[in-house]
Amino acid sequence: MKVIEYKAEFQKELQNLANKNKKIGFVPTMGALHKGHISLIQKSSSENDITVVSIFVNPTQFNDKNDLKNYPRFIDKDIELLKNKGCDFVFTPSVKEIYPEQDDRIFDFGDLDKVMEGKHRQGHFNGVAQVVSKLFDIVKPNIAYFGKKDFQQYVIIKKMVNMLNMPIQIKACPIVRENDGLAMSSRNILLTAEQRKNASFISNTLFKARNLTNQFSVKELKDWVINTINANPFLNVEYFDIVDDVELKSINDWQKKNNKVGCIAVKVGKNRLIDNVNFNL
Ligand code: PAF
C-alpha cells in the first residue's frame, strides 16, 4: 500500500495502471475511518484491480467553521487501519494541492440539494461536488463507492457524474451499524458516553416505524417518528422526511410506487447525526 500526498506523483502512478488496462475502484473519505469505510474498500477491492482511498477533510463542504475545526482527524491511525484491507493507494493531499486556486464553481442540482441536508447545511453539497469532481479528475476511477448513510450525497453525486459526462459508475453500499443499531459515522466518537448510549434510539425508532406503516398515514408516521425521538432528552430532530430515491421528493401516500427512504438528521448535543431506512412496503 502506497501513501501519496502529491497529485503529480499520484497521477503518474495511475496513468501507468490505466495504460495496463487496470480497473480502478475509488473510495473518497474524510478520514476517521471505521468499519463502514472498510466495507466500501473491501467491495471495491473485490470488483477492481486497484483500490484507491482518499483522505481529505474538504473545507468547502463545511458551512460551520467550528464543525470543520472539530472534525476528527487521525491520519496515522487511518493509514495503519487501511493496511491489509485491500487498499493499494492512499491519497492524502493538502488543501493547497486540491485547491491551488479558489473553486468558484456553482453546481445546479435542481431541487436535489434544496431539501433535507441541503436545506439545513447551506452550500454543503456544492462543496461536496467541488471536491468529488476534482478527486474524480485526478483518480479517474472506473467505479466510485459511497455509503448509503449519506443517501442524499449519493443521489447528488450520481447526478453530478451525469451532468459532467464523467464515465464513472457510482455505487452505494449498505449502512454498517454498531451492535445497538447506531449507523457508523466518523462523528460518533465526538459523543459523550451518555449521548452515545441514547443515539441508538434514532435507528431503533426508525426500525420500529417501518412496522407501523399499516397503522399510520405517511404524515402521521412522520409526526410519530419526530415526537418519539424528541421525547428523548438527548435528542432533537432537525428533520425527518420520507422521500423517493430518485428526485428526493416528499412522499405523502404509501401507495406511491417509488422506492421510499426515510431520512433523518438529529442534533445530539453539539453534534449532528444522520441516518435513513427504507420504507418499501
Ligand atoms: O462522505 C464523505 O466523507 C465526504 O462528503 C466526501 C464524499 C469524501 C467528500 O469530501
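In table form, for the structure just shown:
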| quantity | calculated |
| --- | --- |
| Checking Glu101 against (1) within 20 Å of Ile157 (Cβ to Cβ); (2) part of a loop (DSSP other than H, G, I, E, B); (3) of a type outside the set (Lys, Arg); (4) open to solvent by 40 Å² or more (accessible area, probe 1.4 Å), the condition it does not meet | (1) |
| The range 1-35, subset out of contact with any helix residue (DSSP H, G or I) (no Cβ under 7 Å at 6 or more places or on another chain) and small (Gly, Ala, Ser), residue modelled with the highest pLDDT | Ala8 |
| Filtered residues of the range 206-223 (kept if more than 22 Å from Lys119 (Cβ to Cβ), surrounded by 14 or more Cβ atoms within 10 Å (Cβ to Cβ) and in contact with a Leu (Cβ under 9 Å, 6 or more places away or on another chain)) | Thr213 |
| Flag if Gln169 is closer than 30 Å to Ala231 by Cβ, within 16 Å of the ligand (Cβ to nearest atom), of a type outside the set (Ser, Thr, Tyr) and exposed (fewer than 15 other Cβ atoms within 10 Å of the Cβ) | no |
| Of all residues in the range 58-72 being part of a loop (DSSP other than H, G, I, E, B) and touching a helix residue (DSSP H, G or I) at 6+ places or on another chain (Cβ under 8 Å), the one that is nearest to the ligand (Cβ to nearest atom) | Asn58 |
| Odd one out for Ile50, checked against (1) in contact with a strand residue (DSSP E or B) (Cβ under 7 Å, 6 or more places away or on another chain); (2) closer than 21 Å to Ala183 by Cα | (2) |
| Residue identified as crowded, with 21+ Cβ neighbours inside 10 Å and either at pLDDT 95 or above or part of a loop (DSSP other than H, G, I, E, B) (or both) among Val115, Val131 | Val131 |
| Condition check for Tyr6: away from the ligand (no atom under 13 Å from the Cβ) and in contact (Cβ under 8 Å) with a residue 60 or more places away in the chain | yes |
| Residue that is among the hydrophobic types (A, V, I, L, M, F, W, C), closer than 24 Å to Leu191 by Cα and either away from the ligand (no atom under 16 Å from the Cβ) or open to solvent by 80 Å² or more (accessible area, probe 1.4 Å) (or both), where the choices are Ile55, Ile79, Ile75 | Ile79 |
| Evaluation of Asp113 against (1) more than 9 Å from the ligand (Cβ to nearest atom); (2) acidic (Asp, Glu); (3) within 15 Å of Met30 (Cβ to Cβ) (one fails), failing number | (3) |
| Enumeration of residues in the range 243-264 that are in a strand (DSSP E or B) and under 16 Å from Leu112 (Cβ atoms) | Val243, Asp244, Ser250, Val261, Cys263 |
| Selection within the range 228-246 - among the β-branched types (Val, Ile, Thr) and in contact with a Leu (Cβ under 9 Å, 6 or more places away or on another chain) | Ile229, Ile242 |
| Of all residues in the range 136-166 being more than 14 Å from the ligand (Cβ to nearest atom) and aliphatic (A, V, I, L, M), the one that is farthest from Lys22 (Cα to Cα) | Met163 |
| Close pairs from the range 49-67: first in contact (Cβ under 8 Å) with a residue 24 or more places away in the chain, partner within 10 Å of the ligand (Cβ to nearest atom) and assigned to a helix (DSSP H, G or I), Cβ under 6 Å, at least 6 apart | Ser54/Leu135; Asn58/Val131; Thr60/Gly127; Thr60/Gln130; Gln61/His124; Gln61/Gly127; Gln61/Val128; Asn63/His124 |
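The values are calculated or read from the model by the stated rules, or taken from the named source; none is laboratory data. This structure is a prediction, so every number in the text was calculated from the model and none was measured. Don't worry about glycine lacking a Cβ; one is built from the backbone with ideal geometry, like all the others, and counts go over all protein chains shown. The protein model used for the area step is the full one, side chains on, heavy atoms only, and it has no ligands, DNA or RNA in it. Shrake-Rupley method; radii C 1.70, N 1.55, O 1.52, S 1.80 Å.
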